[in-house]
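This report concerns only the one structure given below.
The values are calculated or read from the model by the stated rules, or taken from the named source; none is laboratory data. Note that the structure is predicted; figures quoted are calculated from it, not measured. FYI the Cβ positions are ideal-geometry reconstructions off the backbone, even for glycines, and counts take in every protein chain you see.
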Amino acid sequence: MTIEELEQIAESVRRENAKFDYEVSVCMDLACASQGSDKLRDALVQIAEASGKKVLVRRTGCMGPCSHGPLVRVDPYKTFYGHVQSGHAAAIVDRLGGEPVPDLQCDLNEHFDSQMRVVLENAGYIDPEKIDDYIARDGYKALVTVLMEMTPNGVVHRVTESGLRGRGGGGYPTGLKWATVAKAVGDVKYVVCNGDEGDPGAFMDRSVMEGDPHRVIEGMAIAAYAVGASKGFFYVRAEYPIAVSRLTMALREARRRGLLGINICNTPFSFDIEIRLGAGAFVCGEETALIASIEGRRGTPKPRPPYPAVSGLWGKPTLINNVETYANIAPIMRNGGKWFFSIGSERSKGTKVFALSGKIANTGLVEVPMGIKLREIIETIGGGVPAGHKLKAIQTGGPSGGCIPADMLGLGVSYDALMAAGSIMGSGGMIVMDDTSCMVNVARFFIDFCRTESCGKCIPCRAGTAQMHTLLTRICNGSATMADLHLLEDLCSTVKETSLCGLGQTAPNPVLSTLKYFREEYIQHIEQKRCPAGVCKFEAVEVTA
């Protein structure tokens, strides 16, 4: 495969698409598919064929605004229809070339105009099951260019120059990790994609795998060339059946095109990828636990060093990045490291994909430049909290993150700023809470999640999270004392400082952040036996003066 051959494929797709007067794209990611978008697409195809109009009906991955799903976009007008069912197909086709269907049309201009899409640049514009659609939007051009024109060291330098940091939660500099693996000594090296997305409220990686699988594959292949790996593993949780299906199909098409396998693009570089399914253990998002799972062992972490970059899969140097990190690689190769570095804030470069959920008008995926204010994400892009309620807090970083109060909406979203506020970037979950949320109960929910997901290997995490949950339950049911609150704080410190891996080390964050910003709620639960949000149901406990 050469650049010229890629251009020929792209031109062929463009010529074929030019035969149609209209393009009707139907979101068929997991969320929309569960609401009948597959039947909607079938109905649109049948009615379009019967109408005599030249209509291309395309399946796509997630377009972003999940709260409007099933979502349909009509081009060339960029008209969006929300909550569309198969029964609406006739009206949509009938109105092509005329006024939109008023009952279905939704105005999403402001929602998209405030975003900057790098990872999601293909979202809603390609059929994830057709490699030619990806190639038509510059797909695999970066890989071919890298193999033909760049050295492995040059690739590592460009990634380092970009300032890209790992999007899986830790924010470790990607270029530094790649350089470490590239320098490591080993007869075999591996590249691993961590698709084990387990945070409550997070669905960024799933949507990318479902909607643009070749983008991640291309990023992995470039990484393998850079570090000297010949084998890759895609670790995906089995609860993502559509992602697994589309990745399997994408790998097969990439091999057929000669973009994976032996002597890719007639070069000495050979690389292939194998899918491994995870059973849904949250702890397998941690690198050493993930490695154990791929090797067929129980997914539990182990002390580091040695780090996977030096001794990972089967004791060999292993590069591990998550889905979104790899999805940034192709555009960095195409546009240059300095281009990516120019986006974002001082120490957090590029864009970040967030999954907006909770008490907000526009739930779904958004991609914004680093450093953007929380206010713009919540109010402009997200549409704010539905009428009748007030914003109370934003929880970022999943179970490892924290709750940021509404009066901090001016905070710029970056790794350092979120950490200073008592939260973390995490993989990109962002849960919005209004005045109906009890912050003590929210902390208990996340501690319960960490308690049940603990692998049990180390006592601080296994026993500590269980005792933290017990104390929070006492506070929620009105049977706690101030001594219990002090014990909870001490326990948070112990678990944070002595747990073996990131699950236990960050488990106290939701408690610590809610204590920092909403301490009065804890005190009201304990001393007044009152839940300000009216969520907690107290036991019959005598209140003494």
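Before moving on, here are some points about what is shown:
- Taking region 429-473 as the range and being part of a strand (DSSP E or B) and out of contact with any Phe, Trp or Tyr (no Cβ under 6 Å at 6 or more places or on another chain) as the test, the residues that pass are Gly429, Ile431, Val432, Met433, Asp434.
- Selection status of Met209, in the same structural domain as Ala330 (by TED's automatic domain parsing), under 30 Å from Phe446 (Cα atoms) and at pLDDT 95 or above: yes
- Candidates are the residues of region 222-250 that are within 11 Å of Cys193 (Cα to Cα) and not aliphatic (A, V, I, L, M); the one that is surrounded by the most Cβ atoms within 10 Å (Cβ to Cβ) is Phe234.
- Any hit, region 140-159, residues being closer than 20 Å to Glu210 by Cβ, surrounded by 17 or more Cβ atoms within 10 Å (Cβ to Cβ) and among the hydrophobic types (A, V, I, L, M, F, W, C): no
- Of all residues in region 312-337, those satisfying the criterion of being within 16 Å of Lys231 (Cβ to Cβ) and of a type in the set (S, T, N, Q) are Thr318, Asn321.
- Hits in region 177-198 - residues which are surrounded by fewer than 24 Cβ atoms within 10 Å (Cβ to Cβ) and touching a helix residue (DSSP H, G or I) at 6+ places or on another chain (Cβ under 7 Å): Ala179, Ala182, Lys189, Gly198
- Residue pairs whose Cβ atoms lie under 9 Å apart, separated by 6 or more positions or on different chains, with the first residue in region 438-450 and surrounded by fewer than 22 Cβ atoms within 10 Å (Cβ to Cβ) and the second small (Gly, Ala, Ser) and part of a helix (DSSP H, G or I), are Phe449/Gly398.
- Scope region 231-246; condition among the hydroxyl-bearing types (Ser, Thr, Tyr) and either within 15 Å of Leu143 (Cα to Cα) or outside any loop (DSSP other than H, G, I, E, B) (or both); matching residues: Tyr235, Ser245
- Test: residue in region 21-39 that is over 30 Å from the mean Cα position of the chain (by Cα) and either loosely packed, with under 12 Cβ neighbours inside 10 Å or closer than 24 Å to Ala243 by Cβ (or both): no
- Residue within region 289-305 that is without any contact (Cβ under 8 Å) to a residue 12 or more places away in the chain, among the hydrophobic types (A, V, I, L, M, F, W, C) and over 30 Å from Gly364 (Cα atoms) present: yes
- Considering residues of region 255-285 that are basic (Lys, Arg) and not in a strand (DSSP E or B) only, the residue surrounded by the most Cβ atoms within 10 Å (Cβ to Cβ): Arg257
- Of all residues making up region 307-336, the number that are in contact with an Asp or Glu (Cβ under 7 Å, 6 or more places away or on another chain) and either in the same structural domain as Gly412 (by TED's automatic domain parsing) or in a strand (DSSP E or B) (or both): 2
- Applying the set (1) over 18 Å from Thr174 (Cβ atoms); (2) out of contact with any strand residue (DSSP E or B) (no Cβ under 6 Å at 6 or more places or on another chain); (3) not basic (Lys, Arg) to Gly201 leaves exactly one unmet item: (2).
- Those helices (runs of 4 or more DSSP H) of region 89-192 in which at least 3 residues are β-branched (Val, Ile, Thr) and over 23 Å from the mean Cα position of the chain (by Cα), considering only elements entirely within it, cover 141-149.
- Residues in region 457-468 that are surrounded by 19 or more Cβ atoms within 10 Å (Cβ to Cβ) and not small (Gly, Ala, Ser): 5 in all.
- Residue list for region 224-271, restricted to those being on the phi > 0 side of the Ramachandran plot and in contact with a strand residue (DSSP E or B) (Cβ under 8 Å, 6 or more places away or on another chain): Gly261
- Selection within region 502-536 - among the aliphatic types (A, V, I, L, M) and part of a helix (DSSP H, G or I): Leu503, Val511, Leu512, Leu515, Ile523, Ile526
- Test: residue in region 209-220 that is farther than 26 Å from Ala136 by Cα, crowded, with 20+ Cβ neighbours inside 10 Å and in contact (Cβ under 8 Å) with a residue 60 or more places away in the chain: no
- Residues in region 286-302 that are of a type outside the set (D, E, K, R) and part of a loop (DSSP other than H, G, I, E, B) were compared, and the one that is surrounded by the fewest Cβ atoms within 10 Å (Cβ to Cβ) is Gly296.
- Criterion applied to Leu44, Leu40, Leu30 was being touching a residue at least 60 places away in the same chain (Cβ under 8 Å) and of a type in the set (A, V, I, L, M), and the one residue passing it is Leu30.
- Entirely in region 363-428, the strands (runs of 3 or more DSSP E) that have 3 or more residues that are of a type outside the set (Asp, Glu) and farther than 19 Å from Arg206 by Cβ: 391-396, 402-405
- There is no residue in region 361-372 that is outside the structural domain of Val146 (by TED's automatic domain parsing), among the hydroxyl-bearing types (Ser, Thr, Tyr), more than 23 Å from Leu108 (Cβ to Cβ) and touching a strand residue (DSSP E or B) at 6+ places or on another chain (Cβ under 8 Å).
- Filter result for the condition that a residue is closer than 30 Å to Tyr172 by Cβ and out of contact with any Cys (no Cβ under 9 Å at 6 or more places or on another chain), over Thr494, Thr498: Thr494
For (1) free of Cβ contacts under 8 Å to residues at least 60 places away in the same chain; (2) surrounded by fewer than 23 Cβ atoms within 10 Å (Cβ to Cβ), each residue gets a yes or a no:
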{"residue": "Thr318", "(1), (2)": "no, no"}
{"residue": "Asn321", "(1), (2)": "no, no"}
{"residue": "Thr325", "(1), (2)": "no, no"}
{"residue": "Arg334", "(1), (2)": "no, yes"}
{"residue": "Ile343", "(1), (2)": "no, yes"}
{"residue": "Phe354", "(1), (2)": "no, no"}
{"residue": "Ala361", "(1), (2)": "no, yes"}
{"residue": "Lys373", "(1), (2)": "yes, yes"}
{"residue": "Gly384", "(1), (2)": "yes, yes"}
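- Residues of region 480-507 that turn out to be under 29 Å from the mean Cα position of the chain (by Cα), closer than 14 Å to Cys450 by Cβ and without any contact (Cβ under 8 Å) to a residue 60 or more places away in the chain, as a count: 6
- Looking only at residues in region 42-77 that are over 27 Å from Ile381 (Cβ atoms) and among the basic types (Lys, Arg), the one that is surrounded by the fewest Cβ atoms within 10 Å (Cβ to Cβ) is Lys54.
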